[in-house]
Amino acid sequence: MDGITTIIFDLDGTLYCSKPLADEIHRVAVDGLSQQLGMSTAETDARLAAAKSTLAGSSSGEVTLSAACQELGGDIRQLHYYLAEQVVPEPFLTVDSRVIAMLGRLKADYALYIYTNNNRRLADRIMRAIGVDEFFAGIFSVEDFWRSKPDRLALAKLFAAIGAEPAECLFVGDRFDVDLRLPEEHGSRVLLTKTIEELLSLEKLCQKEID
């Protein structure tokens, strides 16, 4: 791919797709947040949904769990510590040999990184469970900056940490507003992938650019 040296992947919903795991993370998050706020889980879930709706209306974009948590006055560090302790991702995940093979081939030509709003402990467990943990030069989680995507300062720190200019980077993610809009504004290439089949098209895109 012309000028691209580095590919930065989102994790959840990008390198794997599992609605049951997403539902489990949401359930545990509601439980943890309800303990923080002293509310029932039903009330917390309703207020979380309302917060997301309010934030989406004001920003005209997708809203992260961390942003909604903060909107309700929750502590995202405490929330992620709870998620790391309580979520067991392995039963919800399977290995996709196509993704593993693609990453192995891409690693030969590009520096690969993960940039996720998940916490590092849970991200590590997910990556091991889907068999992709060996392919990445680095992993950036919410704990690196405690500023969840999308965030300009966190993105600037990421570019500095990997030593690559925005124009040298391709960002791959499943949520344009969260994963891709800011990198694109900075001059990076972006690829929106909603399914594993769309993710696998990345290799053909890279090969087309090389040819």
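Looking at segment 131-151, which of its residues are within 16 Å of T14 (Cβ to Cβ) and either part of a loop (DSSP other than H, G, I, E, B) or in contact (Cβ under 8 Å) with a residue 40 or more places away in the chain (or both)?
Across segment 131-151, the qualifying residues are G131, V132, D133, F135, F136, S141, V142, S148, K149, P150.
From the list A84, A123, exactly one residue is assigned by TED's automatic domain parsing to the domain that holds K204, at pLDDT 95 or above and part of a helix (DSSP H, G or I). Which is it?
It is A123.
Could you please give the count of residues in segment 65-77 that are over 17 Å from R27 (Cβ atoms) and touching a residue at least 12 places away in the same chain (Cβ under 8 Å)?
Within segment 65-77, residues that are over 17 Å from R27 (Cβ atoms) and touching a residue at least 12 places away in the same chain (Cβ under 8 Å) number 6.
Looking at segment 135-149, which of the residues that are aliphatic (A, V, I, L, M) and within 11 Å of Y113 (Cβ to Cβ) is surrounded by the most Cβ atoms within 10 Å (Cβ to Cβ)?
I139
Only residues that are within 19 Å of R27 (Cβ to Cβ) and surrounded by fewer than 16 Cβ atoms within 10 Å (Cβ to Cβ): list them for segment 38-58, please.
Answer for segment 38-58, where residues must be within 19 Å of R27 (Cβ to Cβ) and surrounded by fewer than 16 Cβ atoms within 10 Å (Cβ to Cβ): G38, S40, T41, A42, E43, A46, A49, A50.
Can you pull out the residues in segment 11-31 that are touching a residue at least 40 places away in the same chain (Cβ under 8 Å), under 16 Å from S148 (Cβ atoms) and not assigned by TED's automatic domain parsing to the domain that holds G138?
Answer for segment 11-31, where residues must be touching a residue at least 40 places away in the same chain (Cβ under 8 Å), under 16 Å from S148 (Cβ atoms) and not assigned by TED's automatic domain parsing to the domain that holds G138: I25, A29.
Would you say R128 is part of a helix (DSSP H, G or I) and in contact with a helix residue (DSSP H, G or I) (Cβ under 7 Å, 6 or more places away or on another chain)?
no
Just name the residue that is farthest from the chain's Cα centre (by Cα) out of those in segment 65-87 that are crowded, with 19+ Cβ neighbours inside 10 Å and of a type in the set (G, A, S).
Checking each candidate, the answer is G74.
Of the residues C169, C206, only one is hydrophobic (A, V, I, L, M, F, W, C) and either farther than 23 Å from C17 by Cβ or outside the structural domain of I114 (by TED's automatic domain parsing) (or both); which?
None of the other options fit; the residue is C169.
Going through segment 152-167 one residue at a time, which ones are in a loop (DSSP other than H, G, I, E, B) and either of a type in the set (S, T, Y) or buried (at least 18 other Cβ atoms within 10 Å of the Cβ) (or both)?
Of everything in segment 152-167, just one residue is in a loop (DSSP other than H, G, I, E, B) and either of a type in the set (S, T, Y) or buried (at least 18 other Cβ atoms within 10 Å of the Cβ) (or both), namely A164.
Looking only at segment 95-113, count every residue that is in contact with a strand residue (DSSP E or B) (Cβ under 8 Å, 6 or more places away or on another chain) and not in a helix (DSSP H, G or I) and tell me the total.
Qualifying residue count for the region: 5.
The values are calculated or read from the model by the stated rules, or taken from the named source; none is laboratory data. Note that this is a predicted model, so its numbers are computed, not measured. Positions of Cβ are generated from backbone atoms using ideal geometry, with glycine treated the same way; all protein chains shown enter the neighbour counts.
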